[in-house]
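Here the structure is laid out as structure tokens; the discussion comes afterwards.
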Ligand SMILES: *Cc1c(COP(=O)(O)O)cnc(C)c1O
């Protein structure tokens, strides 16, 4: 069966009441068997595992064609544990426009742990080869990237990393398994901020790692989850499982809306450039067309003709697009990334990042029409 069917019908909790949908099981502790050692229900303490988290991890592993999944309280909690699985002296290659807080984690939380990293343009495979050192253990990718919407050729990066005995992580928060399943391209671990499209309604914070195989690193990371305890609550897991049932219904609307907005904005005289993988003008359009199925995602960035003030003015004049951080919800958002990332960020001053929601696209285009008239 296709995953859209399996997500609805498999891995649900049956509590004997006949309830059609899964209950939320809030209990932190579970009853032992008569021998004092066994746990007949399969669970013993909620930090280690609980029925709602178990359901969620099974569903997420299936969505990404993975062997196993470890879920966390946020996307960054998931990223932190990947870095914890490295050793002092290890080196990481990161994309030059990686999600900004990934770098901040390494610079602050890991500053005393002897990890180093090099930033490269992941669309330049020669630059990647040159950046790999004898002590490089991890090659990190994020595609499409944030906020420059660069598309990485995952199969090519995975092959180069394997030649050098590095493991690979793809932050698949933006492409989601609806458009790209990185494990199928040879990537070892998929990271999600489930806060975004998987949650889909801007009301759940969460993260997950999905593994191509349940190897030693999977075992270590699973142990970090149980012992470190940065876990999602049963309620978060239940709500996310609820969101996953409508995932394949929401996603085509996000990408159709993004595609139409991109085409409209690209033709507008007050817009300098539109960065969207579905446009033939996108520098990695061919890679995207090969790697992404079902569409090109719901995220685009625009470079407004003008400066920082012009970009901020446009964001302010829009009425349907809320000027707010984050993405992947049913509502459209727009954000001036440089303001968030700070003056050290390489993000252009005139860049606005758009998360296309699932509203009627005519209304979204009309909103831009009126806002662009007034700047
Ligand atoms: C939001 C986001 C994260 C961080 O996830 P949180 O759930 O906010 O911790 C990581 N990567 C990408 C690409 C994101 O968009």
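Every number here is computed from the coordinates shown, using simple stated rules; none is lab data. Predicted model, so just to flag it, every value in this text is computed and none were measured. Reconstructed Cβ throughout: ideal geometry from the backbone, glycine too, with neighbour counts over all protein chains shown.
Fully extending the segment from residue 323 to residue 67 would add 88.3 nm, taking 0.36 nm per residue of separation and subtracting the current Cα-Cα distance.
Gain on full extension, evaluated as 0.36 nm per residue between residue 226 and residue 32 minus their Cα-Cα distance, stands at 67.9 nm. Between the range 234-298 and the range 179-198, how many Å separate their Cα centres? Cα centroid to Cα centroid, the span is 15 Å. Mean projected area of the Cα convex hull of the chain, taken over all directions, amounts to 19.9 nm². Across bins of 5 angstrom width beginning at 0, how are the C-alpha pair distances of the range 243-293 distributed, in whole percent? For the range 243-293, the pair-distance distribution reads 4, 20, 21, 21, 16, 10, 5, 2, 0. Restricting the calculation to Cα atoms, every distinct pair contributes to the Kirkwood radius of the range 249-373, found to be 14.6 Å. GNM remark for the chain: springs join alpha carbons under 10 Å apart, and the peak mean-square fluctuation among 119, 351, 191 falls on 119. Between residue 307 and residue 104, the distance separating the two model label sites (each 7 Å from Cα on the Cα→Cβ line) works out to 2.6 nm. Between residue 201 and residue 165, the FRET efficiency from the beta-carbon distance, with R0 = 41 Å, is close to 0.50. Here the range 205-253 is treated as a Stokes sphere of Kirkwood radius computed over C-alpha pairs; at 20 °C and 1.002 mPa s its diffusion coefficient rounds to 166 µm²/s. If I build a Gaussian network model for the chain, linking alpha-carbon pairs within less than 10 angstrom, which residue out of 365, 334, 37 has the largest mean-square fluctuation? Among 365, 334, 37, the largest GNM mean-square fluctuation belongs to 37. Could you tell me what % of all Cα pairs in the range 78-133 have separations over 16 Å? Roughly 42 percent, once rounded to a whole number.
Protection proxy ranking for 369-375, 120-126, 271-277, using the average of other Cβ atoms within 10 Å per residue and placing the highest first: 271-277, 120-126, 369-375. An ellipsoid equivalent to the range 29-187, defined through the eigenvalues of its Cα gyration tensor, has semi-axes of 33, 19, 14 Å when rounded to whole angstrom and sorted largest first. Normalised by the number of residues in the chain, the mean separation of alpha-carbon contacts (under 8 Å, six or more apart) gives a relative contact order of 16 percent. Note on the chain: with a GNM built from Cα contacts shorter than 10 Å, the maximum mean-square fluctuation among 128, 26, 56 falls on 26. Solvent-free Debye calculation, one equal scatterer per alpha-carbon of the range 176-263: log10 I(q)/I(0) at 0.26 Å⁻¹ equals -1.30.
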